[in-house]
Amino acid sequence: MKTKIDEILTNYDNGGRDTLIPLLQEIQEKEGFLSEEAIVKTGKKLKIPTSKIYGVATFYNQFRFEPVGKYHIMVCRGTACHVLGSATVLQELESQLKIKAGQTTRDGLFSIEVVACIGACGLAPVLNINGEFHANVTAESIKNIIDTYRAKEQ
Amino acid sequence: MKTKSNITTREYLQQLTIGFETGKMPQAEDLKTVQNKTIIYIGAGTCGLGAGAGKTKTAIIKYLTDKKVDADIIEVGCIGLCTAEPIVDVQIPEKSRISFSNVTADKVDTLLDAVFAGITDGFKTLGQFENKENKPWNNVPRISDHPFFIKQKRIVLQNCGIINPVSIEEYIARGGYQGLIQVLKKFSSDEVITTIEKSGLRGRGGGGFPTGLKWRLAYKTQSDQKYMICNADEGDPGAFMDRAVIEGDPHRLLEGLAIGSYAIGASVAYIYIRAEYPLAIERLKIAISQAEEYGLLGHGILGTGFDLKIKIKMGAGAFVCGEETALMHSIEGYRGMPSPRPPFPAEKGLFGKPSVINNVETYANVPDIIQKGWEWFSSVGTEKSKGTKVFALSGNVKNTGLVEIPMGTTVRQIIFEIAGGIRNNKKFKSVQIGGPSGGCITEENLDIQVDYQNLIAVGAMMGSGGLVVMDEDTCMVDIAKFFMDFIQRESCGKCIPCREGTKRMLETLQSITSKPKPNDNRDALERFQGVVQLEKLAKVIKETSLCGLGQTAPNPVLSTLRYFRHEYEAHVFERVCPAGKCTDLRKFRILTDKCTGCTVCSKKCPTSAIIGTRKAPHFIQEDKCIGCGACHEACKFEAIEMI
Amino acid sequence: MSLNIEINGKNYNAEKGETILTVLNRNGIKVPTLCHMKKFIPSGACRMCVVELEGNAKLVSSCSYPVSDGMKINTRSPRVLEARKTIVELLLSNHPDDCLYCVRNANCELQHLAKEYHVVDRRIHGMKNKHKMDHSSLSIIRDPAKCILCGRCVRVCEEVMGVSCIEYINRGSKTLIGTSMGKGLNTSSCVNCGQCIMVCPTGALSERNQTSEVQEILHKKDKVAVVQYAPSISVSLAEEFGMKPGQDINGILNSALRKMGFAYVFDTTFGADLTIMEESAELIDRIVKGKTMPMFTSCCPAWVKYAEEFAPDFLDNLSTCKSPQQMTGAIIKNYFAQQAKIEPKNIVSVSIMPCTAKKFEAQRDTMGRDGINDVDIVMTTRELIELIKLHGIDMHNIEPELTDSPLGVRSSAGKIFGATGGVMEAALRTAYKQLTGNELTNFKINAVRGLQGHKEARIKINDLEIGVAVVSGLANAGKLIEEIRNGRKDLHFIEVMTCPGGCIAGGGQRIGITEEVIEARMNSLYEIDDRESLKVSHKNPEIVELYANFLGEPLQHKSHELLHTKYLKREVLL
């Protein structure tokens, strides 16, 4: 039975080593994370030892080996965000969702990740939730932001 | 849309190509479109979207539908003034384009009603764009006179926030791709390189290496295949210039990249862009396919023997991949761990072939240098640093955003005139230039003229152009710790001095900003030794690290030690953070005469450090207190003070 | 093109394209290295080899920096020495402080550097990484806490072996060397060759040590401790005891083993002769009956595991013969046990091998029957040395002794098994006799001798022309397999040794051997072959007796039961 990963791999038939990262990026985009199946099948397809694939995947921040929440909250830890209070924002998020950065809530709704500078420094502190940017975030505005997403589940 | 002279862009390009041979040149002016209906421009770069431009757009569409107004909406990139986002420009036919700031969705209806009625009072404007053919608005200043813009000289950013970034026609109508065609028809590779050499253009990514020299080295190396690479990884926290250029004017980058490829003889170019810039990636993809469509990229461009394929490679989240050799390894599909240089990329680079890596901003300077000439470019700037630099201003200033200023502008002018000074009436403390590889500029050095040499002389670095302004409430030890933490997370781990050395430095900084232990005396000596060791370690790390990341990692620490040693000493000996930022070192005290015993603070305290009975004065136990300040914020009687 | 460079004030010649380090080494100017390996592209990771280069604000790594005419270098300025010392101290600050309890105590490159750079106080403190040990493999133990991330093991596994079961995982100070998906070594594609241990500068990699197990049984009253040792062992001990590298101390070895407490001392080389009898017969059988060709040797267990994982389509090509170790073990537990009237279950059969993969081989399913292993415990050369020292045996002052019958006599054909090409040569000598009825006039087959990784020859036997190939270093085997997959048909018999150079450079040998030592060992083996008169396996009287009294004929039922094995496709994360 062909899985989603098998389908993605059909486009990489004569792929050289330089297609490894784009391939992993495509798998993660469609699956949400990199499973053992992804690593093994990529290795077979590109004829690269799986240890090397795992080595590449663990090097880069982008790749995850576990699924994230439905709403994945990325907190920017860039300089400007730091100077304007991102640490407090993170603290408040963790306290409200009752999870730490790198974890997912039990109901699978939210996960928190601290990421490198997003590049929206003029609007620090910044959050990126599933691609949507939230600017000038404060500890006070966190509750509203989370509630908005929870409301979508109703 | 009708153009002025009724020729199509394609025809214009053909005429231009022939024109360089015959001397009969068409005018880009002729491509300007005749405007017959209102155009509404929305600043929809990542910053704009973050400030709510998406919702603003929805509101505008609704307004136009409801009121049955026939107008076009164009999403543009960042003009640079982030604090003014969302920015909406309205261009009514025959009237000057006028720019409004902070147009959130709730303001749309009243604003558009007023504008269509010819009224602008009561709305915050950035200004109006001057145009000889259009009628100006009354009582609206020119945007070029705005304090944020007046000192800027916009070469790289000239189109950002103005044109539709995904319209190649608009880019060409403003003179775009003329440089490339001129080069293909009239210049040899050697002549292109000489032009760049004479212009004095230096790499804008941070190294400041003379661009012409880099191109010449690659040009001279014989090979069957060469590569031109654009570093759009922009990992410096606090830098977003490249993002804005790609989101706002992607064709400028493509043109510069193509000219460079021709110069060294590369038939394939890569743009390595970080995955965290999805909008920029999207715009870039569209721009490339448009350029290919017009025959400006691809096989046998414009009938010459020059082939160029531009490919996009996405980074996967590693700051170290901004380093040349690591970047190339990442493109090749490996862990982004740098390699020793020499051999340099110009001799042996991507896939073992001669390659040149330049930053986005460097490429964005190239088209105008070709079109306007090297003398024009080298007339701007200082003796050793020519041209302009785009800076990303952030932190505790009134106006945050992107500015492009001539080299030689002073730091004081940038912070106090362009950026409007410090927010909230606070005092200036320092400005960090160059990100995690840079250093800080203090009050005493505010009048230095910004250029590569001057910044290094004071222990900072141009870097990619991130300028983070800090006020009196910033703790410089905390800043040093912040950058060292960043470096530790982003270090690739290959070489010992960076991997282990920066960790030791970070641990020292962590120990002097963390909670004092009960038997403190021996600790103080250890901490002091730690600080002395910081300097020794820094020297070895700088001198022996494999790549630029490690070599410059100690800079923020060295720089803050140089100018703020007293702050370090206060942390080490007095166990106090003078700026009050390091929470672990903060101590709070309840003033017994003001305390009403309301118990609000003790309920807020996360570590149950406050004891007391109802209606009786409370007390903070020092050993349990973590200095978070929650009690201080919660107290309605101002009975808690920081000591 | 000749250049002139200045080092520490003196002028030296250099060639264009050389690195500074090459010139330094050639002229005896010592500069420390940790990540550098000869014949590998420099990695520039450790920064220990930094030197001062005039005109450069930073120190440069001499291992990678190319020479240029007129360059001025200083290898020992205070700045350089301070930098190197700090780098060592930085490594130590993230290294366990337990040298006295470490398997590499007194033989650790980090320890040596600490001594060389006079590190006498703990100037740099910090948090040490907390990595767990990996005990999952039968052959190799990993202790990432001691790893200094020099990367030598990764490169050897990838470039020399073509296995690549380990790689750098994670980034920055969280980096460690690990396997795919971070699982234990035993589920990875590791073939247990132990070459990673041979290049590891610290105690991060070591063999599964079984000396205490052996110690225990040596003193068990109810058990009979029997030992066999591989052909290469007797030429691989000399320099440990202050003798000339490569010197053959076979007789002394026998004596030492008895003094330790082994009741019987046998020679695996006898087993090598036995292997030749079976394998040569098998080769002829395949050729004559047109069975699967080419045939590959199967005495190297790391190669066998490699084939099972990476080339399962070649499993029918592998000789079904067990290795000499296993054949000897099987004969011990059957033939010898019967003769000596000892219950097989009371025999503890120990072998001494230059190899870590043999520990895995001894535990394979087919290597025993009815709950009785052919070989119970395998010890590496390193473990043997430990035992010799533990027992206080003075190798200079004991009398040489002979091995025990009926597994003690050996031909020199068996002895040369220890070098790459030895198995091939021994097999050809016997095959020639079996096919033609005559002995070779010249027993030396030079075409298959020498330390190169890939050798070939065409041997005429009557009107048959046999194509043979000898590869050492699994990457070379991989390449050859690919050629055969792509249609190459001119080879009949292929010898594969995992370790480059053969067992004399095996993964269980003394650590810190140089190319010169390996060559000396090889030469020693061939000198034995020159000297001795019993040059062919089929003339070994004990072998002849074994067949007459016990086995019958090669490839017959008894041989099949005891001396042959099966292979299976292994599903591992490749």
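Here the ratio of the Cα radius of gyration of chain A to 2.2 N^0.38 Å is 1.20. Sorting C:ILE41, B:ILE181 from the fewest to the most surrounding beta carbons within 10 angstrom yields C:ILE41, B:ILE181.
Note on segment B:168-378: antiparallel DSSP beta bridges, both residues inside, total approximately 10 percent of the bridges counted.
When the helix-only estimate is applied to chain B (DSSP H runs of n ≥ 4, each -39,500 (n - 2.57), divided by the residue count), what is the mean residue ellipticity at 222 nm, nearest 500 deg cm²/dmol?
-10500 deg cm²/dmol
Summing +1 for each Lys or Arg and -1 for each Asp or Glu among the other residues whose beta-carbon sits under 13 angstrom from that of C:ASN4 gives -1.
The angle between the Cα long axis of helix A:139-152 and the longest principal axis of the Cα atoms of chain A comes to about 60 degrees, rounded to the nearest 10. What angle, in degrees between 0 and 90 and rounded to the nearest 10, separates the Cα long axis of helix B:211-220 from the longest principal axis of the Cα atoms of chain B? The two axes meet at around 60 degrees.
What is the sum of charges around B:GLY23, taking Lys and Arg as +1, Asp and Glu as -1, for the other residues whose C-beta is under 12 Å from the C-beta of B:GLY23?
Net local charge, B:GLY23 excluded: +2.
Taking other C-beta atoms within 10 Å as the exposure proxy, C:SER533, A:SER141, C:SER323, C:SER412 rank C:SER533, A:SER141, C:SER412, C:SER323 from fewest upward. Cβ crowding within 10 Å ranks B:ASP66, C:ASP463 as C:ASP463, B:ASP66, fewest other Cβ atoms first.
Most simply put, the protein assembly as shown has about 55% antiparallel DSSP beta bridges, counting only bridges with both residues inside it.
Past the 19 Å Cα-Cα mark, which pairs from B:LYS185/B:LYS372; C:LYS58/C:LYS115; B:LYS55/B:LYS107; A:LYS100/C:LYS130?
Among B:LYS185/B:LYS372; C:LYS58/C:LYS115; B:LYS55/B:LYS107; A:LYS100/C:LYS130, the Cα-Cα distance tops 19 Å for C:LYS58/C:LYS115; A:LYS100/C:LYS130.
In deg cm²/dmol and to the nearest 500, what is the mean residue ellipticity at 222 nm of chain C if only DSSP H runs of at least 4 residues count, each as -39500 (n - 2.57), divided by the residue total? Taking each H run of at least 4 residues, the total per residue is -9000 deg cm²/dmol. Of the cross-linked pairs A:LYS41/B:LYS353; A:LYS41/C:LYS479; A:LYS52/B:LYS285; C:LYS30/C:LYS479; A:LYS2/C:LYS479, which ones have a Cα-Cα span greater than 26 Å in the structure shown? Pairs exceeding the cut-off: A:LYS41/B:LYS353; A:LYS52/B:LYS285; C:LYS30/C:LYS479; A:LYS2/C:LYS479. Plainly put, segment C:265-324 has a radius of gyration that is 1.02 times its Kirkwood radius, both from alpha-carbon atoms, as the Rg/Rh ratio. Beyond 23 Å in Cα-Cα separation lie the following of the pairs C:LYS291/C:LYS460; B:LYS517/B:LYS587; A:LYS45/B:LYS226; B:LYS186/B:LYS220: A:LYS45/B:LYS226.
Values in this text are rule-based calculations from the coordinates and carry no lab data. A quick note: this is a predicted structure, and the numbers were derived from the prediction, not measured. Counting neighbours? That spans all protein chains shown, and the Cβs are built from the backbone with ideal geometry, glycine included.
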